[in-house]
1. Subtract the Cα-Cα distance of residue 93 and residue 64 from 0.36 nm times their separation in residues, and report this length gain in nm to one decimal.
2. Provide Rg and Dmax in Å for the chain, with only Cα atoms included in the calculation.
3. Roll a 1.4 angstrom probe over the protein heavy atoms and tell me the percent of accessible area of the chain that is carbon or sulfur.
4. Go through the stretch 29-46 residue by residue and turn each phi into a ³J(HN,Hα) via Karplus (6.51, -1.76, 1.60, θ = phi - 60°); whole Hz please, and just put x for glycine and proline.
5. Quick one: if you stick a label point 7 Å off each Cα along the C-beta vector at residue 55 and residue 194, how many nm between them?
6. Amide H neighbours of residue 46 under 5 Å, at least 5 residues apart or on other chains, H built in the peptide plane: list them.
7. In Å², and per residue, what accessible area does the stretch 147-228 have when probed at 1.4 Å with the other protein chains present?
8. One-quarter of the Cα convex hull surface for the stretch 1-130, in nm²?
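The values are calculated or read from the model by the stated rules, or taken from the named source; none is laboratory data. The shown structure was predicted, so the numbers you read here are calculated from the model rather than taken from an experiment. With ideal geometry, Cβ positions are generated from the backbone for all residues, glycine too; neighbour counts draw on all protein chains shown. Only protein heavy atoms, including side chains, enter the accessible area calculation; ligands, DNA and RNA are left aside. Shrake-Rupley method; radii C 1.70, N 1.55, O 1.52, S 1.80 Å.
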Amino acid sequence: MNASWEEFGWERLGHGVGRRRLPGWDATVALVAGTDGALLYDTGSTLREGARVRAQAQALLGRRVTHIALSHPHFDHVLGAAAFSGAQVYGAVGMAGLLKRGADELCADAVRHGVPEHDAVEAAGVLVSPHHEVCGEWTLDVGGGRQVLLANVGPAHSGHDLVALVPGSPTVVLCGDLVEESGEPQAGPDAVPSRWPAALDRLLALGGEDAVYVPGHGAVVDAAFVRAQRDRLAALFGVS
């Protein structure tokens with residue numbers, strides 16, 4: 001590491017693993033460092049935000065981001081991806097086609113939520129779709145024996161929910177918006193509420209009781225928090 005996580009406003013989660021809560025929507029981006037590369041989980045809401053994350057990752061790790069995992073196809077998680085030239089991008093199966101068809105809709109949603117129109121149009125115009133789609137599970141090797149498991153656990157919060165599991169002490173689970181701490185989970189028009197509790201069951205099975213769970217928005221939580229949120233969603237949507 002070339003600098004401390006805290007120096008750049010990041011939170012260290014484990015050896016070579018950290019995250020930042022971005023301003024505006026309190027969205028999480030996370031980094032996982034290996035000896036040969038680095039995985040970024042989500043990319044921010046504009047190219048400018050993505051470029052800041054890219055510069056911080058370079059300063060923190062001394063190397064560029066080589067892999068990107070997109071948790072789901074919402075503007076505050078994907079519109080910064082084009083700032084990472086050369087990175088291989090991963091998403092849940094079906095996400096590539098959705099982003100290629102839906103750039104205008106994504107742009108309009110960003111503007112509705114307060115992204116300046118120029119920034120939204122700029123980012124949507126160079127929107128990066130996943131190069132690799134995950135159906136089930138996919139293990140990434142970023143070097144030095146560090147592997148990251150990507151798991152397609154949706155549909156739930158969206159039609160295309162991808163989580164990342166980083167083994168270690170502790171194990172870190174990057175949840176995307178399947179889990180939220182700074183507010184109640186949001187079920188927009190692309191959500192599949194009837195499947196959401198099952199997605200959280202899968203998340204808990206992957207991470208286990210002792211893992212650190214990183215929400216798409218908000219503070220880091222534990223398995224008990226995820227389970228309680230799962231039960232509230234099940235009651236809210238009338239599923240078991």
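1. Numbers: separation 29, 0.36 × 29 = 10.44 nm, distance 2.57 nm.
So the extension gain works out to 7.9 nm.
2. Spelled out, the Cα radius of gyration and Dmax of the chain are 16.4, 50 Å.
3. Details: 4930 of 9780 Å².
Of the solvent-accessible surface of the chain, carbon and sulfur hold 50 percent.
4. Here the 3J(HN,Hα) series is 10, 9, 10, 10, 9, x, 6, 10, x, 8, 9, 10, 9, 6, 9, x, 9, 8 Hz.
5. Computed distance between label sites residue 55 and residue 194 equals 4.8 nm.
6. It is 80, by chain and number.
7. For the stretch 147-228, the solvent-accessible area averages 34 Å² per residue.
8. About 7.2 nm², averaged over all directions.
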